[in-house]
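What follows is a short report on a single structure.
Rule-based calculations on the coordinates, nothing more; no lab input. Every value quoted in this text rests on a predicted model; they were computed, and no experiment measured them. In this analysis, Cβ positions are derived from the backbone assuming ideal geometry, glycine residues included, and neighbour counts consider all displayed protein chains.
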Amino acid sequence: MTKDQIKQEIIRYGNMLIEKGLCTGTGGNISVRMPENNGFMITPSGILYSEIVPDDIVTMDFEGNIIEGSRTPSIERNMHRAIFNARPDVNAIVHTHQNFASAIAATRQDFPPILDAFVAVFGGGLKCAKYGSIGTEELARNVVEGLGNRNGVLLANHGVLCTGKDLAMAFGNCEFLEASAITYCFANIIGKPVVLDHEIVEKEAADLARRYGQR
């Protein structure tokens, strides 16, 4: 994809955050690694998604310097930069405040693997990263630690972050995580959800990696 196409994709998925109810107002943020792997593009701070235009998207390097753009980048730019530096396999990041997954994050619980489909998507349960103030290096470090090698993480008392090989995957992971969070919350209301055993999770993850999807 060209730089202009990436900007258009960021804007499109930003509007989808609102349409799908994963964020409200100017909440959340999106970033995509540059094709040349010399930086990343990120949404601007405090602008409604419906009002963002291509020139508002900010390009940064992996040291945190602005390469291109006149807007102030997302307040969570440190978090995005830290993930890109720690995870070469990640090309896109979507951070949301989606309701049910954020409710779990507000309890500071990890999200256990209670669904086999959850194992298929995330490879097992997801951690709840330790709390850090919004936009700080502390939060960035905590999120990288909590994310590990998964494509999703809860942010204590804050929200959710999902990653992927591209923006479609990262966004889809957010949607799937929210659907799973709804199931988890309702399961806790009607009873105690049964967490899949570690041995089953490892077996299912390995088996699905081999058999699921196109080759």
(request) Take the range 39-48 and flag every residue that is in contact with a strand residue (DSSP E or B) (Cβ under 8 Å, 6 or more places away or on another chain) and assigned to a loop (DSSP other than H, G, I, E, B). (result) G39, T43, S45
(message) Condition first: over 15 Å from the mean Cα position of the chain (by Cα) and touching a residue at least 24 places away in the same chain (Cβ under 8 Å). Now tell me which residues in the range 6-17 satisfy that.
(response) I6, K7, Q8, E9, I11, N15
(message) For S180, only one of the following conditions fails: (1) more than 24 Å from F84 (Cα to Cα); (2) in contact with a Ser or Thr (Cβ under 8 Å, 6 or more places away or on another chain); (3) of a type outside the set (A, V, I, L, M). What is its number?
(response) (2)
(request) Starting from the range 163-187, take each residue that is at negative phi and list its partners that are of a type in the set (D, E, K, R) and in a helix (DSSP H, G or I), counting only C-beta distances under 8 angstrom and pairs at least six apart or across chains. (result) L167/E9
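Would you call R33 buried (at least 18 other Cβ atoms within 10 Å of the Cβ), charged (D, E, K, R), without any contact (Cβ under 8 Å) to a residue 60 or more places away in the chain and touching a Gly at 6+ places or on another chain (Cβ under 7 Å)? Break it down stepwise before answering.
Numbers: buried (at least 18 other Cβ atoms within 10 Å of the Cβ): yes; charged (D, E, K, R): yes; without any contact (Cβ under 8 Å) to a residue 60 or more places away in the chain: yes; touching a Gly at 6+ places or on another chain (Cβ under 7 Å): no.
Considered against the rule, which asks whether it is buried (at least 18 other Cβ atoms within 10 Å of the Cβ), charged (D, E, K, R), without any contact (Cβ under 8 Å) to a residue 60 or more places away in the chain and touching a Gly at 6+ places or on another chain (Cβ under 7 Å), R33 comes out as no.
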(request) Specify the residue that is farthest from the chain's Cα centre (by Cα); the eligible residues are those in the range 189-204 that are surrounded by 10 or more Cβ atoms within 10 Å (Cβ to Cβ) and of a type in the set (V, I, T). (result) I200
